[in-house]
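K.L.:
Below you will find the structure I want to go over with you.
The values are calculated or read from the model by the stated rules, or taken from the named source; none is laboratory data. Just so it is clear, the structure is predicted and the values come from calculations on it, not from any experiment. Methodologically, a virtual Cβ is constructed for each residue, glycine included, from the backbone with ideal geometry; neighbour enumeration extends over all protein chains shown. Just the protein is used for accessible areas: all its heavy atoms, side chains included, with ligands, DNA and RNA removed. Shrake-Rupley method; radii C 1.70, N 1.55, O 1.52, S 1.80 Å.
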Amino acid sequence: MTPLVFTLLSCGLVFLVNSATLVTSGTYTVTDEAWFEVTVKDHQNPENDFQGRFTVALFGETAPMTVMNFVALVKGYKKRNKSVPSYVASYSYKDSPIHRIVPDLLIQMGDVTRADGTGGISIFGERFNDENFVLSHRSPGWVSMANHGPNTNASQFFILLTKARWLDGHHVVFGKVVRGFDVVGRLGEVPTNEQTAWPLHRVRIVDCGVNSLEKRYDLAESQLDDTRDL
């Protein structure tokens, strides 16, 4: 099939652009992989307990600042208190809750300070700016920064359970689940409070880490909307 051709008007000039060139080189280059071990604990019905792992591919060439922050928090980030130099605070996604599950939409986590969805911190300070909006909330499995408005990124992030392009331009997308989306799907089925989306079971990240990649790799166009394991 011949790619669509778009006509762009600028300063009275007409440019013909092949749609295949609109995605620049490196847009879907995976620079890092982060894995998350998660558990669901149903204290009333322990037979419903669940544990699983999923892996997120990170696009560090497209969103380098966002990925740098994310990787640091996966590994564990230590910050010295300026007022009390002898005190060093540690922040990590490990042992933090998955605090918000919106059925058929998203799963949110990453509050490493208050653990209730109201906190978070970044390696750049309390908040950092939106890096760009190059990547789209195009399908299930894409990973994006949660925020409280423009330029309020910290540590919280969410994983899509469905396409949500209406979030484009409002949240920075920086990764995609490439293994274990079945685990993400199980998390999305955890019952929640209808008003707050807070899980009714105890859902946590019990461990996390960064895979050692021999080299960077690119996701093919056919893999961008595929939830099967790579």
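K.L.:
Evaluate the charge dipole of the chain about its Cα centre and quote only its size in Debye, nearest 20, assuming +1 on the Cβ of each Lys and Arg and -1 on the Cβ of each Asp and Glu.
P.N.:
For the chain, the charge dipole is close to 680 debye.
K.L.:
Once both axes come from the Cα atoms, what is the angle between helix 64-75 and the longest principal axis of the chain, in degrees from 0 to 90, rounded to 10?
P.N.:
20
K.L.:
For region 124-223, with only Lys/Arg (+1) and Asp/Glu (-1) charged at the beta-carbon, what is the dipole magnitude about the Cα centre, in debye rounded to 20?
P.N.:
So the magnitude is around 140 debye.
K.L.:
For region 39-118, what does the relative contact order come out to in percent, with C-alpha contacts under 8 Å and a separation of six or more?
P.N.:
Relative contact order of region 39-118: 15 percent.
K.L.:
From the residues THR192, VAL177, LEU161, which one has its Cα farthest along the dipole of region 135-218 in the positive direction, the dipole being from +1 and -1 charges on Cβ of Lys/Arg and Asp/Glu about the Cα centre?
P.N.:
Going by the Cα projections, it comes out as VAL177.
K.L.:
On the accessible surface of region 154-214, probed at 1.4 Å, how many percent belong to carbon and sulfur atoms?
P.N.:
For region 154-214, the apolar C and S fraction of the accessible surface comes to 45 percent.
K.L.:
Counting only other residues whose beta carbon sits under 14 Å from that of ASP42, what net charge do I get with K and R as +1, D and E as -1? Intermediate values should be presented prior to the final figure.
P.N.:
On the way: positive: LYS41, ARG186, ARG202, ARG204; negative: GLU47, ASP49, GLU189.
Net charge around ASP42: +1.
K.L.:
Let me ask something additional. If you roll a 1.4 Å probe over the heavy atoms of the protein chains, what accessible area per residue do you get for region 104-230, in Å²? The partial results should precede the final answer.
P.N.:
Working: 6180 Å² over 127 residues.
Computed with neighbouring chains in place, this is 49 Å² per residue.
K.L.:
Could you work out the local net charge near THR118, counting Lys and Arg as +1, Asp and Glu as -1, over the other residues with Cβ closer than 12 Å to its Cβ?
P.N.:
Net charge in that neighbourhood comes out at 0.
K.L.:
Using helices alone, what [θ] at 222 nm do you get for the chain, with -39,500 (n - 2.57) per DSSP H run of 4 or more residues, divided over all residues and rounded to the nearest 500?
P.N.:
-2500 deg cm²/dmol
K.L.:
Which of the listed residues, HIS201, LEU106, ASN147, is farthest toward the dipole's positive end in the chain, when Lys, Arg count +1 and Asp, Glu count -1 at the beta-carbon?
P.N.:
So the residue furthest toward the plus end is ASN147.
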